[in-house]
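> Can you read through this structure? Questions will come right after.
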Amino acid sequence: MTGPSSPAASLVGRFLVAAPSMPDERFRKSVVFLCKHDDDGALGIIVNNSVDDLPLGQVYKQLGIDVPPADAQQPVLFGGPVETSRGLVLHSADYKREETLLIEGGMALTASLEILKDMAGGSGPKKAWLALGHSGWAPGQLDLEMQDNAWLVVDGDAELVFDADLAAKWQRALDRLGRKGGIGGRVDLAAFSHQSGRA
């Protein structure tokens, strides 16, 4: 039984994979990890798109945080087109602050300067991505986009979220959809288009 704040079809902890027919150019070939989905709308982080020329080390420097060598060149994710100057950290649930949103499947989302300080100091989460901006949907908006076949839903997991090969994530997410459906191998992208092709 679902409560008033959790719709029956909540997609929290799953991936929204942009279908080849995605009409919004900002989300073309994107993989969004859904962190919140309830009657108030939805919030997710694009996990396969980075901010050009902005490694994590540069963000630390701008914030006056000492840069650990291991983090100096880690990409910063472009989390989505909403509040692009706001940083959110998508991370493993082994780290928690009062403001941390815990997500099913061992993931969490934290928006604070303190998590970045902890990450740089070695006391942060085991795995983490800093994202600038997020992807957001008003109540019912995501459901409409799903009906228009803009998104495919794939089970979420930390392995794909934290994979450093950002360019391969979209195809890997589609391949998971194919395996789950018993297709095996690569997914036939033409099968997901909502427009018919011509022979």
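Readers should treat all values here as calculations from the given coordinates under stated rules, not as data from a laboratory. Quick caveat: nothing in here was measured; it's all calculated off a predicted structure. Using ideal geometry, Cβ is built from the backbone for each residue, glycine included, and neighbour counts are taken over all protein chains shown.
> Contour minus end-to-end for Asp66 and Ala138, with contour as 0.36 nm per residue of separation and end-to-end as the Cα-Cα distance?
22.1 nm
> Sort region 97-178 into rounded, prolate or oblate with this rule: let a ≥ b ≥ c be the square roots of the eigenvalues of the Cα gyration tensor; rounded if a/c is under 1.5, and if a/c is not under 1.5, prolate when a/b is larger than b/c, oblate otherwise.
It comes out oblate by the Cα gyration axes.
> Treat the count of other C-beta atoms within 10 Å as a stand-in for reagent exposure and order Ser10, Ser30 from fewest to most. Spell out each step's value before the answer.
Working: Ser10 17, Ser30 24.
The most exposed by this proxy come first: Ser10, Ser30.
> In deg cm²/dmol, rounded to 500, what helix-only [θ] at 222 nm does the chain give when every DSSP H run of at least 4 residues adds -39500 (n - 2.57) and the total is split over its residues?
Calculated from helices alone, the mean residue ellipticity at 222 nm is -5000 deg cm²/dmol.
> So how strong a dipole does region 1-144 carry about its Cα centre when Lys and Arg Cβ are +1 and Asp and Glu Cβ are -1, to the nearest 20 debye?
So the magnitude is around 300 debye.
> Here's a follow-up. Pull out a ≥ b ≥ c, the square roots of the eigenvalues of the alpha-carbon gyration tensor of the chain, then state rounded if a/c is under 1.5, prolate if not and a/b is larger than b/c, and oblate in the remaining case.
Prolate shape, in that a/c is at least 1.5 and a/b is the bigger ratio.
> Among the lysines, select those whose C-alpha is under 21 Å from the C-alpha of Lys29, and discard any that sit fewer than 8 residues away in the same chain.
Lys169, Lys180
> Is region 66-138 rounded, prolate or oblate when judged by the Cα gyration tensor, a ≥ b ≥ c being the square roots of its eigenvalues, rounded requiring a/c under 1.5 and prolate requiring a/b larger than b/c?
oblate
> Still on this structure: Which pairs in the list Lys36/Lys117; Lys96/Lys127; Lys36/Lys126; Lys61/Lys96 are over 19 Å apart, alpha-carbon to alpha-carbon?
Listed pairs above 19 Å: Lys36/Lys117; Lys36/Lys126; Lys61/Lys96.
> Moving on to the next point. Taking the 0 to 90 degree range and rounding to the nearest ten, how far is the long axis of helix 169-180 tilted relative to the main principal axis of the chain, both from C-alpha atoms?
With both axes taken from Cα atoms, the answer is about 50 degrees.
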